[in-house]
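The values are calculated or read from the model by the stated rules, or taken from the named source; none is laboratory data. Source: prediction; values computed, not measured. Neighbour counts run over all protein chains shown; Cβ positions are idealised from the backbone, glycine included. Only protein heavy atoms, including side chains, enter the accessible area calculation; ligands, DNA and RNA are left aside. Shrake-Rupley method; radii C 1.70, N 1.55, O 1.52, S 1.80 Å.
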Amino acid sequence: MENSHLHFNTSIGVKKPENIRNKDQACPFCERDQLTDLISVEGPIILLKNKYPVLENAYQTVLIETDDCQGDLSTYSKEHLHRLIQFGLTSWLEMEKSGQYRSVLFFKNHGPLSGGTIAHPHMQIVGLHDIDYREKAAHDDFEGIVIAEKNGVRFTLSTKPRVGFYEFNVQMKDSRYQEEFAEYIQIAVHYILNHFPFKATSYNVFFYHLDDQIYAKIVSRFVTTPLYIGYGIPQVPNNIVWMADAVKGIYF
């Protein structure tokens with residue numbers, strides 16, 4: 001029987017520091033000389049083993065994006081943006097190619113509604129021994145209204161969102177990194193935080209490797225709709241054409 005659920009170790013979970021809401025909690029990622037189990041370092045970017053591996057039967061790593069605790073993906077310089085995304089993609093795909101895991105997750109939490117606990121900019125790369133996330137993902141999940149397309153990289157707003165409402169997608173082939181991939185991700189995040197029709201402080205970025213395609217899905221986070229929680233039914237808003245046009249008007 002296929003294992004469909006991850007098991008969360010609550011005895012480890014209660015020990016995790018939390019400073020997204022608790023501003024008095026010191027940031028563990030700022031104390032760089034105290035970090036342990038480093039895997040790879042490139043300037044201010046650090047990949048290390050997760051000190052609080054709450055997921056059982058998984059290998060958890062943290063990718064610290066910058067030494068600036070107030071930094072954000074939406075405002076990184078182009079140089080740092082490309083350095084970070086290339087570093088993350090390379091680390092993720094190398095873990096995937098190792099053959100040690102059924103699949104490898106690569107994602108980012110930002111803000112109090114994102115599911116994260118640490119405010120300092122970071123991502124996570126998690127190797128799963130028993131679960132293949134690709135069994136619950138399909139190319140259709142990334143179809144949408146085209147906002148921009150250049151050098152084989154496509155930027156869309158979902159017409160078939162996985163959870164519902166507004167989900168941005170960026171797509172490129174896995175054969176070669178294209179700068180537009182990172183830049184479209186940054187535009188989606190910047191739009192969510194600065195121009196969204198509702199005040200948004202939280203988002204997630206999820207990466208997927210399906211066949212020869214790499215996708216990023218950028219999702220604004222609010223309280224999740226009960227129709228999805230209770231019944232798994234996504235909703236598509238009737239103003240996605242307007243939003244796609246708004247992003248084009250602001251950034252292109």
When the accessible area of region 179-252 is computed with all protein chains present and a 1.4 Å probe, what percentage of it is carbon and sulfur?
-> 57 percent
With Cα coordinates, the longest principal axis of the chain makes an angle with the long axis of helix 78-97, in degrees rounded to 10, of 70 degrees
Computed FRET value (nearest 0.05) for residue 211 with residue 241, which takes r as the C-beta separation and R₀ as 25 Å | 0.30
So which cysteines in the chain don't have a second cysteine's C-beta under 4.7 Å from them?
-> 69
Cα long-axis angle, helix 240-251 against the chain (0 to 90 degrees, to the nearest 10) | 70 degrees
Using every Cα-Cα pair within region 57-154, state what percent have a distance larger than 23 Å.
-> 39 percent
Would you be so kind as to identify which of 5, 202, 92 lies farthest towards the positive end of the dipole of the chain, taking Lys and Arg as +1 and Asp and Glu as -1 on Cβ and the Cα centre as origin?
-> 202
Total charge dipole magnitude, the chain, about the Cα centre, Cβ charges on Lys, Arg, Asp, Glu only, Debye to nearest 20 = 480 debye
Could you work out the helix-only [θ] at 222 nm for the chain, with each DSSP H run of four or more residues adding -39,500 (n - 2.57) and the total divided by the number of residues, to the nearest 500 deg cm²/dmol?
-> -7000 deg cm²/dmol
Of every hundred units of 1.4 Å-probe accessible area on region 1-140, the number belonging to carbon and sulfur atoms, as a percent, is 49 percent
Taking the Cα centre of the chain as the origin and placing charges on Cβ (Lys, Arg +1; Asp, Glu -1), which of 57, 105, 187 is farthest toward the positive end of the dipole?
-> 187
Rounded if a/c is under 1.5, else prolate if a/b is larger than b/c, else oblate: which is region 112-252, with a ≥ b ≥ c the root eigenvalues of its Cα gyration tensor?
-> rounded
So what's the angle, to the nearest 10 degrees on a 0 to 90 scale, between helix 179-194 and the longest Cα principal axis of the chain?
-> 90 degrees
Along region 225-238, what does the Karplus equation 6.51 cos²θ - 1.76 cosθ + 1.60 (θ = phi - 60°) give for ³J(HN,Hα), rounded to whole Hz, x for Gly and Pro?
-> 4, x, 5, 7, 4, x, 10, x, 9, x, 10, 10, x, 8
Please go through region 16-110 and write out the GluC sites (Glu not before Pro) that DSSP classes as loop and that have at most 10 other C-beta atoms within 10 Å.
-> 31
Mind putting together the pair-distance distribution for region 163-231? All Cα pairs, 10 Å bins, whole percent per bin, short to long.
-> 19, 44, 28, 9, 0
For the chain, what is the accessible area per residue in Å² when the probe is 1.4 Å?
-> 50 Å²
